[in-house]
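Participant: Structure in structure tokens, see below.
The values are calculated or read from the model by the stated rules, or taken from the named source; none is laboratory data. As the structure is a prediction and not an experimental result, all values here were calculated from the model. Because the Cβ atoms are built from the backbone with ideal geometry, glycine has one as well, and the counts that use them run over all protein chains shown.
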Amino acid sequence: MEQLIAKLKSEIIEVLNLSELSPDEIDENAPLFVEGLGLDSIDALELIVLLEKNYGLKLGTAEEGKKVLRSVRSMAEFIRENNKG
Amino acid sequence: MNENPAITGYCLIHDRQVVLSGDLLFTSNEKQPGAFFTEVYKNYSLNYPKFYKMDNLCKLGFLASEFLLKDKEITTRYSGEDVGIILYNAASSLDTDRNHQQSIQDRLAYFPSPSVFVYTLANIVIGEISIRHKIFGEGTFFVEEHFNPALMHEYVSRLFNDEIVQCCITGWVELNENNYHGALYLIEKTSPGKEGIAIFEPQIIEDIYLQRR
């Protein structure tokens, strides 16, 4: 799990152009939106593309999206539970 | 005393240089526009993390506006509604359009990037500058074949004459692959003859653009 979280942090930095941050500076338990990294709606779309492109996973509903994209850890848990590849 | 629109400042970003109202502020050996813009951003500790998310066209416009508006206090001297941004270029958002096209080229690996797609309009530069400086006035982005100081002068003068703006950021923000040329001018109504003020007319707009002044 910790390995997946570390990988996810690097991928998030890359796709969201957060080059001023290092993976260690991202708290995997902190909210990704508003607080924490202060991401916006375009970033949310980018994270959805990341899940599909890198892990072959699609979010079913907006409610599921809110739950999955809450933090790096919740994203990692979603990947671990659904990525059987 | 009559006050007319005049050039109260300008910023040029071109050929690895940043020039503010005639003073060379920064120079570099970096040839890649994106890397050069980041170098400028870091050198001046501009502290606006959204910069990293912008495409190169927006970075160019953003940086030029940062220098142009520094210490000008336009947000305290004018209402945001009275400040306009009128920009021009030739390549529109072609540089980012190309990036977007590449991301959708392969139908089997079709992953368009939302954060690239949002920059596939040249007028997003106006949005980025407006957000940064709380500007809510007239905003128009013209795509012209060449730098056209006569059109720039005519359109902006009309905005002043019709009292649509009290202050205007105007200029050329061009970027296509490794070629870039930013020339932003701050236009305000002021008395003629004041120090550091240039007459707002096509020949002077062009002289500044070509660094003949």
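Participant: Output the residues belonging to the range B:43-76 that are touching a Lys or Arg at 6+ places or on another chain (Cβ under 9 Å), at pLDDT below 95 and of a type in the set (D, E, K, R).
Facilitator: The answer is B:K50, and nothing else.
Participant: Only one residue in A:E35, A:E11 is charged (D, E, K, R) and in contact (Cβ under 8 Å) with a residue 24 or more places away in the chain. Which one?
Facilitator: Working: A:E35 fails: in contact (Cβ under 8 Å) with a residue 24 or more places away in the chain.
None of the other options fit; the residue is A:E11.
Participant: Can you find even one residue in the range A:66-75 that is closer than 27 Å to B:D55 by Cβ and out of contact with any Asp or Glu (no Cβ under 7 Å at 6 or more places or on another chain)? Quick ask: steps written out before the conclusion?
Facilitator: If we filter the range A:66-75 for residues that are closer than 27 Å to B:D55 by Cβ, which is where we start, we get A:69, A:72, A:75.
Restricting the remaining residues to those that are out of contact with any Asp or Glu (no Cβ under 7 Å at 6 or more places or on another chain) gives A:69, A:75.
Checked the range A:66-75: at least one residue is closer than 27 Å to B:D55 by Cβ and out of contact with any Asp or Glu (no Cβ under 7 Å at 6 or more places or on another chain).
Participant: In the range B:116-144, how many are within 14 Å of chain A (Cβ to nearest Cβ) and either part of a loop (DSSP other than H, G, I, E, B) or of a type in the set (A, V, I, L, M) (or both)?
Facilitator: So in the range B:116-144, the residues within 14 Å of chain A (Cβ to nearest Cβ) come out as B:116-121, B:124, B:127-128, B:131.
When the remaining residues are screened for being either part of a loop (DSSP other than H, G, I, E, B) or of a type in the set (A, V, I, L, M) (or both), the result is B:116, B:118-121, B:124, B:131.
The total comes to 7.
Participant: Now for a different question. Filter the range B:158-213 for residues that are of a type in the set (F, W, Y) and over 29 Å from B:D95 (Cα atoms); which is nearest to the chain's Cα centre (by Cα)? Steps first, answer last, please.
Facilitator: Quick first cut of the range B:158-213, residues of a type in the set (F, W, Y) only: B:160, B:172, B:180, B:185, B:200, B:209.
Narrowing the set further to residues that are over 29 Å from B:D95 (Cα atoms) leaves B:160, B:200.
On the way: B:F160: 19, B:F200: 17 Å.
Checked the range B:158-213; the qualifying residue nearest to the chain's Cα centre (by Cα) is B:F200.
Participant: Let me ask you something else. Would you pick out the residues in the range B:111-123 that are modelled with pLDDT of 90 or more and under 17 Å from A:G56 (Cα atoms)?
Facilitator: Matches in the range B:111-123: none.
Participant: Now for a different question. Collect the residues in the range B:132-142 that are over 15 Å from B:G61 (Cα atoms) and not acidic (D, E), keeping them in residue-number order.
Facilitator: So in the range B:132-142, the residues over 15 Å from B:G61 (Cα atoms) come out as B:134, B:136-138.
Across the range B:132-142, the qualifying residues are B:K134, B:F136, B:G137.
Participant: Let me ask something else about it. Output the number of the condition that B:S130 fails; it satisfies all remaining conditions of (1) touching a strand residue (DSSP E or B) at 6+ places or on another chain (Cβ under 8 Å); (2) under 23 Å from B:Q32 (Cβ atoms).
Facilitator: (2)
Participant: Could you give every pair whose Cβ atoms fall below 7 Å, whose first residue belongs to the range B:68-81 and is among the polar types (S, T, N, Q), and whose second residue is crowded, with 17+ Cβ neighbours inside 10 Å, counting only separations of at least 6 or pairs across chains?
Facilitator: From the range B:68-81, the pairs are B:T75/B:H133.
Participant: Suppose we filter the range B:81-115 for residues that are among the small types (G, A, S) and within 14 Å of chain A (Cβ to nearest Cβ); how many remain?
Facilitator: Number of matching residues: 4.
Participant: Hey, among the residues in the range A:56-85 that are without any contact (Cβ under 8 Å) to a residue 12 or more places away in the chain and of a type in the set (S, T, Y), which one's farthest from A:Q3 (Cα to Cα)?
Facilitator: Ranking the qualifying residues of the range A:56-85, first place goes to A:T61.
Participant: Looking only at the range B:81-110, which residues are assigned to a loop (DSSP other than H, G, I, E, B) and either in contact with a Leu (Cβ under 6 Å, 6 or more places away or on another chain) or at pLDDT 95 or above (or both)?
Facilitator: Taking the range B:81-110 and keeping what is assigned to a loop (DSSP other than H, G, I, E, B), we get B:90-93, B:104-106, B:110.
Scanning the range B:81-110 gives B:A90, B:A91, B:S92, B:S93.
Participant: Look at the range B:180-207 and say how many of its residues are surrounded by fewer than 21 Cβ atoms within 10 Å (Cβ to Cβ) and either assigned to a loop (DSSP other than H, G, I, E, B) or touching a residue at least 24 places away in the same chain (Cβ under 8 Å) (or both).
Facilitator: Just the residues of the range B:180-207 that are surrounded by fewer than 21 Cβ atoms within 10 Å (Cβ to Cβ), to begin with: B:181, B:189-199, B:201-204, B:206-207.
Applying the additional criterion that residues be either assigned to a loop (DSSP other than H, G, I, E, B) or touching a residue at least 24 places away in the same chain (Cβ under 8 Å) (or both) yields B:181, B:189-199, B:201-204, B:206.
The qualifying residues number 17.
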